[in-house]
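A quick write-up on the structure given underneath.
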Amino acid sequence: MTGQTILRGRVLSFVQSPFDTAPETAVRENEALLIEGGHVTAVGSWDALRREAPQAEVSDHGERVILAGFVDAHVHYPQTAMIASWGKRLIDWLNTYTFPEERKFADLTYASEIAARYLDLTAAHGTTTMCSFCTIHPESVEAFFAEAQARGQRVVAGKTCMDRNAPDFLRDTAQSAYDQSKALLQKWHGVDRISYAITPRFSPTSTSEQLDAMGALWAEHPDCLMQTHLSEQTDEIEWVKGLYPEARDYLDTYEQHGLLGGCGLYGHAIHLEKRERDRLREHGAGLIHCPTSNTLIGSGLFDMAGLMAEGQRIGLATDTGGGSSFSMLRTMAAAYEIGQLRGVPLHAAQLLWLATQGSARALRMDHQIGNIAPGMEADLVVLDLASTPAIAQRSAMADDLWEALFPTIMMGDDRAIAEVWIAGRRV
């Protein structure tokens, strides 16, 4: 064995953002790619790669499409078991479903069980990297990182910090949040493919003292990501105004405490004021679009076209379990539908870019994951464009690649995921 593998199929690589050019011209199609040592080492014609690596193992996918693995930029893995819970607004939803479930993650055995279940489910849907909130319990972080490490996955996660407006059993303090977050960061950040994210849940569940502590920790470790929530619902924004009357706007509750920066990830970001949009763009912060969550709990319609036109850095996410699916295909479909409601439909290439390169770019990892090119880590998904009779009959009528792909984006599920590779190994 040479340790080399050739994947043959319709290999799609982004050469430019399809939001910056004609979508069809942003993608290059090749016939094959070569994997060695967990990385893509070459992309090109089948004949050329076969000559280059004559002893390589071959995985021939015919007309199937080979993409970078999906990157989910905002999830809550502890909410796996309560996904698709019925009919609440954000604050009631947290109190009714989320907080009782998150209480269970003080138990390392339970946390490990859910972490394994979550990573199994997401791999089945073609997701190879995600950025997850954990719970206030260090055990929830340990379980997730240990399970991801065993699988060789590139993941980001952090201990969620809350010291008010949550049940007593889910509160830490400003000091314990700092101490526990720092200890986890020092243990795990940069180990194998693991990155730590400093994680205040959102302004309503943190005092100014705790936000100051998180800002101080981020200043000490500026290479870490920081993740939180921003302007998800209008009643949430009013709540924030009441809790932080001195703040100019919701974003200012983070900005005043050192929690605005280019390595910041701000989930939802639906109802932004002009000052907030300007400051986020100036810093190059990541705005994370969570379309199935935004519709399930009635949050609003993300302004993809307007924010992209401003030059914002945008990723895509399932927001499991506020989102209603583990599938990035379903998430792309929901993003398309929201675009239609705002009068700006998204092209299939734009949707795929958001779920791969766009999310990787938001996570500051687009030099490692989210695309297929020499030197990139070999996290890959193989799409079957005829995974169900309904999809197959529509795809068969297509005149080009994008028309063939679109039915899978709109109607596909885990059956469309023919194969998944993580770090150069078939899952």
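Data for the structure
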{"read-out": "Sole residue being of a type outside the set (Gly, Ala, Ser) and under 30 Å from His367 (Cα atoms), chosen from Leu170, Leu185", "value": "Leu185"}
{"read-out": "Verdict on Ile91 being in contact (Cβ under 8 Å) with a residue 24 or more places away in the chain and surrounded by 19 or more Cβ atoms within 10 Å (Cβ to Cβ)", "value": "no"}
{"read-out": "Count of residues meeting criterion [open to solvent by 10 Å² or more (accessible area, probe 1.4 Å) and closer than 18 Å to Ala285 by Cβ] in the stretch 347-364", "value": "3"}
{"read-out": "Residues (assigned to a helix (DSSP H, G or I) and of a type in the set (Lys, Arg)) located in the stretch 390-427", "value": "Arg394, Arg415"}
{"read-out": "Residue count, the stretch 293-311 (criterion: among the small types (Gly, Ala, Ser) and either in a loop (DSSP other than H, G, I, E, B) or over 19 Å from Arg275 (Cα atoms) (or both))", "value": "5"}
{"read-out": "Helices (runs of 4 or more DSSP H) fully within the stretch 312-364 counting 1 or more residues that are in contact with a Cys (Cβ under 9 Å, 6 or more places away or on another chain)", "value": "328-341, 359-362"}
{"read-out": "Positions within the stretch 155-179 being more than 13 Å from Met214 (Cα to Cα), open to solvent by 30 Å² or more (accessible area, probe 1.4 Å) and not in a loop (DSSP other than H, G, I, E, B), in sequence order", "value": "Asp168, Phe169"}
{"read-out": "Helices (runs of 4 or more DSSP H) enclosed by the stretch 227-292 - at least 1 residues per element that are among the hydroxyl-bearing types (Ser, Thr, Tyr)", "value": "234-243, 250-255"}
{"read-out": "Residue, farthest from Val381 (Cα to Cα), within the stretch 125-141, restricted to residues that are assigned to a helix (DSSP H, G or I) and open to solvent by less than 50 Å² (accessible area, probe 1.4 Å)", "value": "Pro138"}
{"read-out": "Any chance Asp414 is under 24 Å from Met130 (Cα atoms), touching a strand residue (DSSP E or B) at 6+ places or on another chain (Cβ under 8 Å), acidic (Asp, Glu) and at pLDDT 95 or above", "value": "no"}
{"read-out": "Tabulated pairs, the stretch 61-73, first at positive phi, second of a type outside the set (S, T, N, Q), C-beta under 8 angstrom, 6+ apart or interchain", "value": "Gly62/Arg8; Gly62/Gly9"}
{"read-out": "Tyr266 without any contact (Cβ under 8 Å) to a residue 40 or more places away in the chain and open to solvent by less than 20 Å² (accessible area, probe 1.4 Å)", "value": "yes"}
{"read-out": "Residue list for the stretch 49-67, restricted to those being part of a strand (DSSP E or B) and either open to solvent by less than 80 Å² (accessible area, probe 1.4 Å) or in contact with a helix residue (DSSP H, G or I) (Cβ under 7 Å, 6 or more places away or on another chain) (or both)", "value": "Glu57, Val58, Ser59, His61, Gly62, Val65, Ile66, Leu67"}
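The values are calculated or read from the model by the stated rules, or taken from the named source; none is laboratory data. Quick caveat, the model's predicted, so the values are computed rather than measured. For neighbour counting, all protein chains shown are included, and Cβ atoms are generated from backbone atoms with ideal geometry for every residue, glycine included. Ligands, DNA and RNA are stripped out before the accessible areas are found, and what is left, the full protein with its side chains, is counted by its heavy atoms. Shrake-Rupley method; radii C 1.70, N 1.55, O 1.52, S 1.80 Å.
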